[in-house]
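Peer 1: Would you mind keeping the following structure in view while I ask a few things?
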2 protein chains.
Amino acid sequence: MKSAMKYTIALFLVSFLVVPFLRADEGMWLFDAPPKTQIKEKYGFDLTGEWLKHIQQSCPRFSTRGSASFVSSGGLIMTNHHVGARNLHELSTPENNLLEKGFYAETLADERPCPGLEIIVPVLSEDVTAKVNAGVKPNTPPEQAKKLRDAAVAALEKEYSEKTKLRCNVTTLYQGGVYYLYGYKVYNDIRLVWAPEQDIASFGGDPDNYEYPRYCLDCTFFRAYENGQPAKVEHFLKWSQTAPAENELVFVAGYPGRTERAYTKEHLEFQRDTFFPWRLRKLYEREVIYSAFANRSLENARRIGDDLGAVQNYRKRALGQLQGLQTPSLWRDFPSVEKSPNTAPAGGRINRRIVDGGRNKPAVKSPEQQIADACKAMLEHDHVTNISLFYAYDFFEAGEAFNCKTFQIAKTLVRAAYELEKPNGERLKEYRDNNLDTLKQTLFADTPVYEDVEILKLSDSLTLCASYLEKLYYPYVSDKAPAAFAAELIKGSKVRDVAERKRLFEGGRKAVEASDDAMIRFVRKMDKEMRNCRKQYEEKVEAPMAAAYAELAERRFAESGTSVYPDATFTIRLSYGAVRGYKDDSGADVAATTNIAGMFERAETQKFKEPFNPPQRWKEAKGKLDLSVPFNLVTTNDIIGGNSGSPLINTKGEVVGLIFDGNIYSLSNSFVYTEEQSRSVSVHAAVILESLRKVYGAARIADELGK
Amino acid sequence: MKSAMKYTIALFLVSFLVVPFLRADEGMWLFDAPPKTQIKEKYGFDLTGEWLKHIQQSCPRFSTRGSASFVSSGGLIMTNHHVGARNLHELSTPENNLLEKGFYAETLADERPCPGLEIIVPVLSEDVTAKVNAGVKPNTPPEQAKKLRDAAVAALEKEYSEKTKLRCNVTTLYQGGVYYLYGYKVYNDIRLVWAPEQDIASFGGDPDNYEYPRYCLDCTFFRAYENGQPAKVEHFLKWSQTAPAENELVFVAGYPGRTERAYTKEHLEFQRDTFFPWRLRKLYEREVIYSAFANRSLENARRIGDDLGAVQNYRKRALGQLQGLQTPSLWRDFPSVEKSPNTAPAGGRINRRIVDGGRNKPAVKSPEQQIADACKAMLEHDHVTNISLFYAYDFFEAGEAFNCKTFQIAKTLVRAAYELEKPNGERLKEYRDNNLDTLKQTLFADTPVYEDVEILKLSDSLTLCASYLEKLYYPYVSDKAPAAFAAELIKGSKVRDVAERKRLFEGGRKAVEASDDAMIRFVRKMDKEMRNCRKQYEEKVEAPMAAAYAELAERRFAESGTSVYPDATFTIRLSYGAVRGYKDDSGADVAATTNIAGMFERAETQKFKEPFNPPQRWKEAKGKLDLSVPFNLVTTNDIIGGNSGSPLINTKGEVVGLIFDGNIYSLSNSFVYTEEQSRSVSVHAAVILESLRKVYGAARIADELGK
């Protein structure tokens, strides 16, 4: 065992390694299959079923794809400021910018409803693998198998939803090895309670993002309401009165979004050579274009601030991931397709192989080969667009050529008109009955959409599309220049008005086909090709990959079962670790915690220049504050995007912190976890209490915490 | 004539158009072939030979590729602050940042020498076309013709340099139709006299770059010295005491860098589909990476400020150009290769065509076809790198994969060791005798090179290279990850020390081959392939293109001679135009001049946030200033990058302004000029005088102007 990095890859691909005695603090574990043995052996703590159930039901997910926790019996919810940023933005006006000024509801009556926001709590989980696979025979071709599974999933979701009155979703785990059904209790009256100013929530801004030491109060409180009253919740986390000690065991419960730890060599090569370079190219361009717009005026900056922040965050993450993949040590001894094992587990697909004399040539492709072929398929040129499937899919069906909300809204309206005429099981996934509530909530949310921002974003994405598609842009997309065409589509569309959206949605196909809205007409023109891209992508890439990874997962399962954790899937997971500093690349020690004094020092060194200028309230409160109170802390927990807003929990189940970031070395957590330097970064529970009381005069909330 | 845009293209490609009566204020004209008739007809002004000679010799060029003018008999030189920014940066220290604080030499003795800076004045110009082409026969193959011309050029430069004691350079005009020899008087003791603070020099910063209205004091004064004393110059421009009126005729004399107004359709398509998208991709990435570094600390910002400013400027320009090329109207009626005329002018290459029966098939390719083929050749895959020649050349020979000064220095040292052993005519162009002074001045200039900035830039460019070259990066470039390899090369190199550079340069091949400097060894490893890229690029692209454009130019010449202007080539040119506002895209009127009051108003609207925060000195001087004094103005002059620092001159030959930018519509001046909206932007002469006296207490300089 030279390194944890090597371990992870070897485990999934070679599969005859012995589990080491003291493992790294690795993994985003299912609450139904937690690493009890590892935690007992390394930390001497017993995970109980009761503890797990309590934590799971205390931790809701935000519809905006962040994590959160209930922190009082009165439905008080804690998450990151950056998770709630979109809602703060939507509640802002030019005169009252909540991101800039922060917000505090002095009384319950002042708590501000957030249109379109909902949170969901996983109160039910069940392994439905057998039910999903019931209709699939061993020789069913992949496309057919996918259709059968999709239909089974749709039926299960419907059945369980009706039975339990919960929102039920089936999630694919272990790359298709296991299917889990989660039943969520939904809260859709969520109100804003307290938010600090952006200047302290993300002190250090983009420059300090993914860096450490840090000084961020990246925290916001919301409250769940039911029937117009604060929700009464049974499961919530109490607030710890003591700071966690160095090396103390801590947990993170939350919704990590996506990891790719079982990816094959060829698939990771595709990520390294195509996916991330392309993603970065788009992000670099957007960051520059949005920044240039923001810098022209303060009002511009307010309007595009949220988009720009998101792009900067994605960019830094994608670059860290690409750089991780470009590390040669990652690829040494990584078995290629030719050397992949030709055996499948008992009950697997070994019977489909034909042994050809002494040459042992498989007549059926190995799963590794199927995945390599799917990667190749993404790069084969499409007959219509003359670009490869990967780019065609990304530009058209994923909408990257038309990157604006107006397009997204129009696309949803046009597709809904046609999809909702079909039986549930035959619809595109996002238009199935069990997803319709979410779809409508998003579609009809009355959130501001700015015409100038829309033109800017669409113009930029069309410009990239035109330079990438070369001669094909004209007239396939348009016979006008990108900037002119963007202005025409955005100015000529009324779908930014909610009433018009409702009219078109309710009017169905007839209303949509009769509409002379410029964007609706454009979507109708493009829809056939967009659907074609999606169909090809699903058939040539998604379905064979899902089948191949299922086969790999089967092989792993026969050996390890759920004693290894599945890749992250935006469903509830538990990670364990300890409070611990690390050495940076130059060999210098980085301490685990920072404190309030350090924040003021960093501000002074930077001459209080943005983004190192704490809000006036903090400057004025400095004399009253205990400067030794911890501000941020790092722990070895294995986290990834989606975990933002997760509580950091001690063994008593109390909140000791609030996850908001990972350090620079954690960026390759997508593919590998390394305990040596990878750290998650939290807001310390102590600074939240200290500032609620002494900076924000928010005793109402401070008193409520943990009650 | 529908539009000037259409006119330009049509003129160069169809060539049977009649010259319209009142032409647009288009063209960057040779001083030896000025548009006398057009100016007489449109403005009633007679250009005289004496006037032209006086202006030409009053306008030096900066070695850093900017324009300038002598504005006193004592060698006082005016240029843009952004032209002098590199020198200001190099004279700065962490404690005394001249870009931030500005600079004023109270006395002559305080004027600060600028290492490595030189200016050149064109005192001689001669048409040497016949001499360059003397050895070239009609049937000489292009590669051979290029070699013969290169040798003739080298010989002419040497001969004239020795004869005149001037620095003599031959410039290709009309795409090879004409060769001009310029003899320059060189001043290489240049001292800094006065510079305002960056905050007013580029008020509005990147956000306002290429926009209008503007409020920039983008001006810096230097002084030329000879033998340790201020140079006595015969030709200099007097300062106008009156502001130019609306519609008044004004001239710009300067060094426009590069236009592509004679490019064929296929060549422009290449620019649109490959060149600009690739250039923008690199610039977007760099802007983000450099910004992220700058934002981490004030010292970082100081170190990378100059690189970042340059990247932002290039990015905005490239995007404007790409958007210009993406305009469909540009391409309508643009003849493709198949429809290009098959006739050549008398004396041309018509005799090489063979008429094949009735089908009139040319056995020799038309110049348009040759250019199209050269464009195709750039995109054919290279056998070694497995990427196309265009990218291979750009990454390796143009050094875009190794974007840092340490690499550039090491490359110069390694190549010099081998090239200087060869006869003058056989050397790579930049190592020929007539270029050696410049080469040494650059190589040995003791300017700061920061290790962290170098690692950042190299790491970034290697990362892009690795993602573009995919599997080839390892081990062709390195077997290490880009970031690690960048740190190793930069930390392992001593060439940032001038003494070490001198030792290696003087030690020649022996010293270079014995060196264990990490970057020197890397350059030696890569040099063979870099030279191979260059050779292939010259043979397959440069030489055939030069020959084809020469043929096209010949055709044009037979019809128009020098009555049309040649493309810009960083040599002295004259442009004419008038002071005039315009209508923006929304149809709103934009006035020609702004004033000091407007600057203060814009600052207030932006709440004095950077880059809209004028220096403290300006705020304090506000009461003393005449707020109605004009600040910036726009004129219809046809300019392009390289014109920065050019004087704006009235018919009396007096300075009325200082060119520093073009508006957004001028960005496509590279390909087409449109008088309707394209404007050049100048600092008004009046604000320079007003601020020298009332803000900077620089009466010494104000008094000297025009004396």
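Here, each number is a calculation from the coordinates, and none is a lab measurement. All figures in this text were calculated on a predicted structure; none of them were measured in a lab. Note that we place each Cβ from the backbone using ideal geometry, even for glycine, and neighbour counts take in every protein chain shown.
Peer 1: Quickly work out the A:Tyr476-to-A:Val498 label distance, labels modelled 7 Å from Cα along the C-beta direction, and quote it in nm with one decimal.
Peer 2: With each label point 7 Å from Cα toward Cβ, the separation is 3.9 nm.
Peer 1: Whole number please: convex hull volume per residue, Cα atoms of the protein assembly as shown, in Å³.
Peer 2: Working: hull volume 286.1 nm³, N = 1414.
Cα-based convex hull of the protein assembly as shown, divided per residue, equals 202 Å³.
Peer 1: Shifting gears a bit: What is the average number of partner chain Cβ atoms found within 10 Å of a Cβ in B:317-326? Write down the numbers at each step before the final one.
Peer 2: Values: counts 0, 0, 6, 0, 0, 4, 7, 1, 3, 11.
Counting other chains' Cβ atoms within 10 Å and averaging over B:317-326 gives 3.
Peer 1: Need the C-alpha centroid separation for region B:54-70 versus region B:171-194, integer Å.
Peer 2: Distance between centres, Cα-based: 9 Å.
Peer 1: Can you give the Rg/Rh ratio of region B:275-339, where Rg is from the C-alpha atoms and Rh is the Kirkwood radius?
Peer 2: Details: Rg = 17.0 Å, Rh = 13.7 Å.
On the Cα set of region B:275-339, Rg over Rh gives 1.24.
Peer 1: Between A:Asp110 and A:Arg296, 0.36 nm times their residue separation minus their Cα-Cα distance comes to what?
Peer 2: Working: separation 186, 0.36 × 186 = 66.96 nm, distance 3.44 nm.
Stretched fully, the A:Asp110-A:Arg296 segment lengthens by 63.5 nm.
Peer 1: Can you give the Rg to Rh ratio of region B:344-566, both from alpha-carbon atoms, with Rh computed by the Kirkwood formula? All intermediate terms of the calculation are to be shown ahead of the outcome.
Peer 2: Values: Rg = 21.9 Å, Rh = 20.2 Å.
Rg divided by Rh gives 1.09.
Peer 1: Taking every residue in B:277-285, how many Cβ atoms of other protein chains lie within 10 Å of its Cβ, on average? Let's see the in-between values first.
Peer 2: Values: counts 7, 1, 0, 7, 7, 1, 3, 11, 9.
Across the residues of B:277-285, the mean count of other-chain Cβ atoms within 10 Å is 5.
Peer 1: Quick one: which residues, 5+ away or cross-chain, put their amide H under 5 Å from the amide H of A:Asp661? H built at 1.01 Å from N.
Peer 2: A:Val681
Peer 1: Could you please report the charge total around B:Glu143, scoring K, R as +1 and D, E as -1 over all other residues with beta-carbon less than 12 angstrom from its beta-carbon? Write out the running numbers ahead of the final one.
Peer 2: Working: positive: B:Lys146, B:Lys147, B:Arg149, B:Lys535, B:Lys540; negative: B:Asp150, B:Glu538, B:Glu539, B:Glu542.
Around B:Glu143, the surrounding residues sum to +1.
Peer 1: On to the next question. Based on the mean of other Cβ atoms within 10 Å per residue, sort peptides A:428-441, B:70-83, B:523-536 so the most packed one is first. Intermediate results must be reported in sequence, preceding the final value.
Peer 2: Details: A:428-441: 15.8, B:70-83: 24.4, B:523-536: 17.5.
Top of the packing list down: B:70-83, B:523-536, A:428-441.
Peer 1: Taking each residue in A:480-488, count the Cβ atoms of any other chain within 10 Å of its Cβ, then average. What number comes out?
Peer 2: On the way: counts 4, 8, 4, 4, 6, 1, 0, 1, 0.
Across the residues of A:480-488, the mean count of other-chain Cβ atoms within 10 Å is 3.
Peer 1: In the P(r) worked out for region B:565-679, what percent of Cα pairs fall beyond 16 Å?
Peer 2: Working: 4468 of 6555 pairs.
When all Cα pairs of region B:565-679 are counted, 68 percent exceed 16 Å.
Peer 1: Are there any trypsin sites (Lys or Arg not before Pro) in region B:640-702 that are in a DSSP loop and have at most 12 other Cβ atoms within 10 Å? List them by number. Each step should come with its number before you reach the end.
Peer 2: On the way: sites: B:Lys652, B:Arg679, B:Arg693, B:Lys694, B:Arg700; in loops: B:Lys652, B:Arg679.
Sparse-neighbourhood loop trypsin sites (Lys or Arg not before Pro): B:Lys652.
Peer 1: Oh, and also: Please compute the Kirkwood hydrodynamic radius of region B:34-142 from all pairs of different C-alpha atoms, in Å with one decimal. Walk me through the intermediate numbers first.
Peer 2: Numbers: mean 1/r = 0.0551 Å⁻¹.
When all Cα pairs of region B:34-142 are included, the Kirkwood radius is 18.1 Å.
Peer 1: Could you work out Rg/(2.2 N^0.38 Å) for chain B, with Rg from alpha carbons only? Each step should come with its number before you reach the end.
Peer 2: Details: Rg = 25.5 Å, N = 707, 2.2 N^0.38 = 26.6 Å.
This ratio for chain B stands at 0.96.
Peer 1: Tell me, for the rotation carrying B onto A, which chain B residue has the beta-carbon closest to the axis and what that distance is in whole Å.
Peer 2: Its Cβ sits closest to the axis: B:Tyr284, 2.
Peer 1: Let me ask something else about it. How many nanometers, to one decimal and shortest first, lie between the label point of A:Ala588 and those of its other copies, if labels sit 7 Å from Cα toward Cβ?
Peer 2: Result for A:Ala588, in nm, nearest copy first: 4.8.
Peer 1: Let me test this: with uniform point scatterers at the alpha carbons of region A:127-178, what is the Debye-based log₁₀ I(q)/I(0) at q = 0.15, 0.21, 0.32 1/Å?
Peer 2: Taking Cα atoms of region A:127-178 as identical point scatterers yields -0.41, -0.75, -1.30.
Peer 1: Please report, for A:Leu436, the nm distances (one decimal) from its label point, 7 Å out from Cα along the beta-carbon direction, to the equivalent points in the remaining copies, shortest first.
Peer 2: Label-point distances to the other copies, shortest first: 8.5 nm.
Peer 1: Which residues does a label at B:Asn613 reach in region B:214-249, if reach means a backbone N under 19 Å from a point 7 Å past the Cα toward the Cβ?
Peer 2: Within reach of a label on B:Asn613, which here means backbone N under 19 Å from a point 7 Å along Cα→Cβ, region B:214-249 contributes B:215-217.
Peer 1: Continuing with the same structure: Using Cα-Cα distances under 8 Å and only pairs 6 or more residues apart, what relative contact order does chain B have, in percent? Intermediate values should be presented prior to the final figure.
Peer 2: Numbers: 1269 pairs, mean separation 173.7, N = 707.
The value is 25 percent.
Peer 1: At 7 angstrom along the Cα-to-beta-carbon line, where would the label on A:Ala151 sit relative to the other copies? Give the distances in nm, shortest first.
Peer 2: Distances between equivalent label points, in nm: 8.0.
Peer 1: Also: Apply the Debye scattering formula to region A:193-339, with a single equal point scatterer on each alpha-carbon and no solvent, then give log10 I(q)/I(0) at q = 0.20, 0.22 Å⁻¹.
Peer 2: Reported log10 I(q)/I(0), two decimals: -1.30, -1.39.
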